[in-house]
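The values are calculated or read from the model by the stated rules, or taken from the named source; none is laboratory data. Keep in mind that what you see is a predicted model, and the values were worked out from it rather than measured. We place every Cβ from the backbone using ideal geometry, glycine too, and count neighbours over all the protein chains shown.
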Amino acid sequence: MCCRTSLWLVYGSTFGLVAMGLLMLALCARPAWFSMLALNAYPGVTDAQSLPLAHHMALLGLALAGLGIGAFVLWQIRGLFARFAEGDVFSARPPRYIRRIGQGLIAAVLIRFLTTTAAVLILSSLNEPGARMLRISFAATDAALILFGVMMITLGWVQGEAARLAEENRGFV
């Protein structure tokens, strides 16, 4: 049952990776759609109806950076469940995936903080002087995600130690 569940989670994370890849392609291939999304994502920041090329490229880079971190985390989740589906639960490999998932979650919060601030700066630079904005935000969900990431790193470290001790005990038998 555990291997079958893990296999379904591998399929689900693979589907998520493909969907993220298609979203990245769509953002790059449909500039008008991306500009509309970017302008609607931050209402009240600018009155501009379209984005200059430099602003468009900067915002696209920010969006792709966030999606890249998400893809990294999904790739690590996929690898972890692929190991579980193979029955590889107590070796040294799964703890590395768990630690990387935690690191990716923390990186996702940091990149979201930076990209939100940068996106507002980029969009408000289209306004006349005196109407430009700076938005810095950190929500309770961000703190919870950081704590979850730290917990995953710690869990990976503990499971790594357990795997090391199990291997050492196998050597004595």
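Checking each residue in region 5-55 for being small (Gly, Ala, Ser) and over 30 Å from Gly130 (Cα atoms) picks out Ser6, Gly12, Ser13, Gly16, Ala19, Gly21, Ala26, Ala29.
If the condition is being touching a Ser or Thr at 6+ places or on another chain (Cβ under 7 Å) and either part of a loop (DSSP other than H, G, I, E, B) or not small (Gly, Ala, Ser) (or both), then region 113-130 contributes Thr116, Leu123, Leu126, Asn127. Is it true that Gly87 is surrounded by fewer than 16 Cβ atoms within 10 Å (Cβ to Cβ), at pLDDT below 95 and on the phi > 0 side of the Ramachandran plot? Criteria met by Gly87. Determine, yes or no, whether Phe148 is among the aromatic types (Phe, Trp, Tyr), free of Cβ contacts under 8 Å to residues at least 60 places away in the same chain and over 28 Å from Val10 (Cα atoms). For Phe148, the condition - among the aromatic types (Phe, Trp, Tyr), free of Cβ contacts under 8 Å to residues at least 60 places away in the same chain and over 28 Å from Val10 (Cα atoms) - is not met.
For Met133, the conditions (1) assigned to a loop (DSSP other than H, G, I, E, B); (2) farther than 25 Å from Ala58 by Cβ are fulfilled apart from (2). Taken over region 124-147, the residue count meeting the criterion of being under 24 Å from the mean Cα position of the chain (by Cα), surrounded by fewer than 15 Cβ atoms within 10 Å (Cβ to Cβ) and not basic (Lys, Arg) is 10.
Name the residue that is nearest to the chain's Cα centre (by Cα), counting only residues in region 53-97 that are aromatic (Phe, Trp, Tyr) and over 17 Å from Gly21 (Cβ atoms). Ranking the candidates gives Tyr97 first.
Within region 100-138, being over 19 Å from Ala48 (Cβ atoms) and at pLDDT below 90 holds for Ile136, Ser137, Phe138.
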